[in-house]
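This report concerns only the one structure given below.
The values are calculated or read from the model by the stated rules, or taken from the named source; none is laboratory data. Only a predicted model underlies this, so the values are computations on that prediction, with no experimental measurement involved. Reconstructed Cβ throughout: ideal geometry from the backbone, glycine too, with neighbour counts over all protein chains shown.
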Amino acid sequence: MRRIAERAGMRVGNLQYYFATRDDLLEAVARAEFERDLAAVREPEDDPECRLDCALRVLLAGWADGGGSVFAPMSLLALHVERFARLRDEIYEQFYAELAAIVRAVDPAASRAEATTRAVLITALVDGTAVQLGVVGPTVRARVLDRMSALAVAIARGS
């Protein structure tokens, strides 16, 4: 907490006034990052396939710059701390619902259950891609982003 307060240019007492524990701070950071991710997914676009593509690229670009880095420790904590398990479940449930709405715009014939299943698959694809983009060079990164986007759209279409 001292290092965080120092980097924020404040006294640790001021930081602890707003966040009594590290868990409180981590939850607030996770929620703020998630709201940023939701804003990317909610960005309006006339073409639903383009909306999906744009949203996923914005998410991955933000994560590559360090945004979203709070989700890995939160997911690990969720294995042992009920508070973070609930937070993880809440975040993913909302994220799946937003993606499922895009999936249904891409494929109006998809049932709600099917759209949610596709949203989970797209999320798994994007989460895995985010990890791998940190490993590969810029040339491969561009190809991977294009292929990931094409696969996400294909999943949304149900093909």
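Tabulated data
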{"quantity": "Residues satisfying the stated conditions in region 12-23, i.e. closer than 16 Å to Phe84 by Cα and part of a helix (DSSP H, G or I)", "calculated": "Arg22, Asp23"}
{"quantity": "Glu49 more than 18 Å from Phe84 (Cβ to Cβ), over 18 Å from the mean Cα position of the chain (by Cα), acidic (Asp, Glu) and modelled with pLDDT of 90 or more", "calculated": "yes"}
{"quantity": "Qualifying positions in region 76-98 - more than 19 Å from the chain's Cα centre (by Cα) and of a type in the set (A, V, I, L, M, F, W, C)", "calculated": "Val81"}
{"quantity": "Scope region 116-132; condition free of Cβ contacts under 8 Å to residues at least 60 places away in the same chain, in contact with a helix residue (DSSP H, G or I) (Cβ under 8 Å, 6 or more places away or on another chain) and among the small types (Gly, Ala, Ser); matching residues", "calculated": "Ala119"}
{"quantity": "Some residue of region 126-143 being within 17 Å of the chain's Cα centre (by Cα), at pLDDT 95 or above and not aliphatic (A, V, I, L, M)", "calculated": "no"}
{"quantity": "Matching option when the condition is surrounded by 14 or more Cβ atoms within 10 Å (Cβ to Cβ) and under 14 Å from the mean Cα position of the chain (by Cα), among Ala30, Ala39, Ala5", "calculated": "Ala30"}
{"quantity": "Out of Ala154, Ala113, Ala101, Ala150, sole residue that is more than 30 Å from Asp23 (Cβ to Cβ), touching a residue at least 12 places away in the same chain (Cβ under 8 Å) and more than 14 Å from the chain's Cα centre (by Cα)", "calculated": "Ala101"}
{"quantity": "Where Val81 falls short, out of the listed (1) surrounded by fewer than 18 Cβ atoms within 10 Å (Cβ to Cβ); (2) in contact with an Asp or Glu (Cβ under 9 Å, 6 or more places away or on another chain); (3) of a type outside the set (S, T, N, Q); (4) within 20 Å of Arg157 (Cα to Cα)", "calculated": "(4)"}
{"quantity": "Asp24 farther than 22 Å from Ala119 by Cα, charged (D, E, K, R) and either without any contact (Cβ under 8 Å) to a residue 24 or more places away in the chain or exposed (fewer than 12 other Cβ atoms within 10 Å of the Cβ) (or both)", "calculated": "yes"}
{"quantity": "Enumeration of residues in region 67-93 that are without any contact (Cβ under 8 Å) to a residue 12 or more places away in the chain and more than 22 Å from Arg42 (Cβ to Cβ)", "calculated": "Ala72, Leu76, Ala78, Leu79, His80, Glu82, Ala85, Arg86"}
{"quantity": "Matching entry among Ala156, Ala105 (being in contact with a Pro (Cβ under 6 Å, 6 or more places away or on another chain), at pLDDT 95 or above and aliphatic (A, V, I, L, M))", "calculated": "Ala105"}
{"quantity": "Region 31-43 residues that are modelled with pLDDT of 90 or more, paired with ones that are of a type in the set (Asp, Glu) (beta carbon under 8 Å, 6 or more apart)", "calculated": "Leu38/Glu98; Val41/Glu98; Arg42/Glu98"}
{"quantity": "Matching residues, region 24-49, being outside any helix (DSSP H, G or I) and under 19 Å from Leu145 (Cβ atoms)", "calculated": "Glu43, Glu45, Asp47"}
